[in-house]
Amino acid sequence: MTKLAINHVNKTYADGTEALRDIRVHANEGEIVAILGGSGCGKTTLLRLVAGLDRPSSGAILVGGEPIEGTHKTISAVFQEPRLLPWLRVAANIEFGGQLLDTTERQRRAAALLERIGLAGYGGRWPRDLSGGQQQRVAIARALIGHPGVLLLDEPFSALDPFTRASLHQLVLGLWAELKPTILMVTHDVDEAVTLADRIVIMRPKPGRVHETMAVDLPRPRDRLASPFDLMKRRVMRSIDRSLAEDLPTSPKPLGPGGTSPWL
Amino acid sequence: MKPLAARPWLTGLIIPVVLGVTWELTVRTGVMTGRLMPPPSRLLDSAITLARSGELGLHVAATMTRIGLGFLFGAAAGTLMGVLTGASGLAMRLLDPSIQALRAIPSLAWVPLFILWLGIFETSKLALIAMGVFFPVYLGVLSAIQNVDRKLIEVGRVFGLSTTGIAIRITGPAVMPAWFAALRTGLGLGFMFVVAAELMGASEGLGYMLLDGQQMGRADTILVAMIVFALLGKACDSILVAISVPLLRWQDTVRARL
């Protein structure tokens with residue numbers, strides 16, 4: 001059943017820049033959908049629209065069949081940077097994500113999540129005392145404490161080293177298996193998309209459009225060293241190559257006087 | 001005894017102590033009379049005499065009352081206006097140009113007008129001090145609100161905070177360090193303007209003591225008043241810092257780690 005539907009969404013900024021054109025993406029209940037694309041293809045813009053931090057110029061975004069206007073209580077997010085509130089201790093930062101919970105439940109879940117993310121005993125520390133990877137774990141816990149129906153991930157692993165990134169992939173997959181939120185994630189990393197996603201939406205820029213959607217039919221847990229995994233990655237990369245080829249100008253303009261290139 | 005390196009603050013005392021002892025010896029041996037620059041022992045005598053007679057206490061109380069009230073009014077007005085213009089674009093466009101225009105007038109230029117409007121007694125003095133405190137506090141609060149990290153505001157929005165909730169739980173704490181910094185600047189200016197206010201005509205206060213010392217040719221009275229000013233200013237600043245420390249413990253600064 002469709003949990004999240006992005007229907008014919010366009011976004012043009014006030015200065016006339018067309019960021020997104022006719023985006024159609026949907027995510028089923030409990031599905032992980034990865035939006036894959038290079039920088040400037042509008043993938044973060046798309047995520048901001050779904051988060052309700054920005055409004056589409058036209059088109060609609062539906063959650064559980066209901067169109068969303070602005071931020072929504074069932075949609076939660078992890079950003080590229082941890083964005084912890086520096087004046088709140090770690091436990092309070094996690095609790096911040098559970099605005100709708102009553103105090104006892106909020107504290108209970110925060111304590112359980114702290115343990116779950118491997119930071120039991122860190123609840124009383126300040127965010128500044130944590131490493132980047134630990135901060136991002138806290139941000140993930142904060143996003144999940146309210147048991148959101150839809151979790152948005154805006155390249156939350158891109159600033160981390162490969163070791164930390166892999167361990168955070170496992171953390172997110174573990175928590176996803178427990179809580180089963182629908183996840184819409186944005187990434188530029190093919191490996192990451194194939195590791196995590198059920199479906200991959202490849203975007204291309206100027207303006208941001210959907211190039212191709214591919215299903216990732218690999219059983220979980222996924223073996224990144226097995227050949228089906230590599231095969232899938234190769235398919236995705238081939239699609240990216242095709243999207244780049246289509247972006248090349250079909251009829252190049254004359255470069256010099258007389259229509260010849262000055263180098264020829 | 002620990003070496004000097006273990007107590008860095010002792011290093012700072014070397015110059016004043018050496019100067020003081022040298023001057024004391026110069027006057028004691030009769031090389032100089034010390035009439036215009038009394039040696040430390042004579043300053044201490046004068047301070048004790050002034051304190052015993054109750055005169056010093058009277059002046060300190062008068063000055064501190066003015067500072068206290070002037071700072072309170074100026075800081076409150078500066079904070080309120082800063083929050084108002086920081087929170088509302090309309091208020092910003094409406095009020096900020098006028099406030100900036102008033103700020104361009106050197107504050108002491110208001111003295112004649114204040115005296116004309118408010119008389120030569122307390123009200124005009126308080127107005128001057130409050131004005132001195134107002135501008136740095138206003139500017140500090142306004143720029144702090146304008147500089148709150150948009151990304152943290154977005155966190156508040158994503159997790160369902162209302163506009164009021166964001167103001168209280170995100171903008172408020174984010175602005176706190178700059179607010180305290182602005183209050184400290186304001187307090188410093190408050191001390192500057194209390195001297196100006198008391199020099200322009202007062203019958204009590206440390207500023208009056210300065211003027212009195214000048215007219216009576218008593219350099220020791222002037223110096224005692226100056227030293228008391230320095231001590232009070234430092235003490236008031238320390239009180240502000242002490243209040244701010246538990247509120248700003250989260251900051252990743254050197255001071256927080258001391």
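The values are calculated or read from the model by the stated rules, or taken from the named source; none is laboratory data. What you see is a predicted model, and the numbers here were worked out from it, not measured in a lab. All Cβ positions, glycine included, derive from the backbone under ideal geometry; neighbour counts span all protein chains shown. What goes into the accessible areas is simple: the full protein's heavy atoms, side chains included, and nothing from ligands, DNA or RNA. Shrake-Rupley method; radii C 1.70, N 1.55, O 1.52, S 1.80 Å.
Work out the FRET efficiency for residue B:239 and residue A:18 from their Cβ-Cβ distance, taking R0 = 41 Å, and round it to the nearest 0.05. The computed FRET efficiency comes out at 0.10.
Once all protein chains are placed together, residue A:57 keeps about 70 Å² accessible to a 1.4 angstrom probe. For the pair residue A:177 and residue A:244 in one chain, pulling the backbone fully straight at 0.36 nm per residue adds 20.6 nm over the alpha carbon distance.
To the nearest 0.05, how large is the calculated FRET efficiency for residue A:223 and residue A:115 if R₀ is 22 Å and r is the Cβ-Cβ distance? Taking R0 as 22 Å, the efficiency between residue A:223 and residue A:115 is 0.20.
Build a GNM of chain A with springs between Cα atoms under 10 Å apart, and of A:139, A:77, A:120 the one that fluctuates most is A:120. For residue B:108 and residue B:18, the difference between the fully extended length at 0.36 nm per residue and the C-alpha to C-alpha distance is 28.6 nm. On the beta carbon distance between residue A:213 and residue B:199, with R0 = 51 Å, the FRET formula returns roughly 0.05. Where in segment B:5-25 does the label zone of residue B:37 land, with the point 7 angstrom along Cα→C-beta and an amide N cut-off under 16 Å? Counting backbone N atoms under 16 Å from the label point, the list is B:15-25. Of the solvent-accessible surface of chain A, computed with a 1.4 Å probe over protein heavy atoms with every protein chain present, carbon and sulfur atoms account for 54 percent. Computed from label points 7 Å out along Cα-Cβ, the spacing between residue B:247 and residue A:160 is 3.6 nm.
Give me the percent of DSSP beta bridges within the protein assembly as shown that run antiparallel, rounded to the nearest 5. Taking every DSSP beta bridge with both residues in the protein assembly as shown, the antiparallel ones total about 50 percent.
Taking Cα atoms only, the orientation of helix A:227-247 departs from the longest principal axis of chain A by about 50 degrees. To the nearest ten degrees, helix B:172-199 and the longest principal axis of the Cα atoms of chain B are 40 degrees apart.
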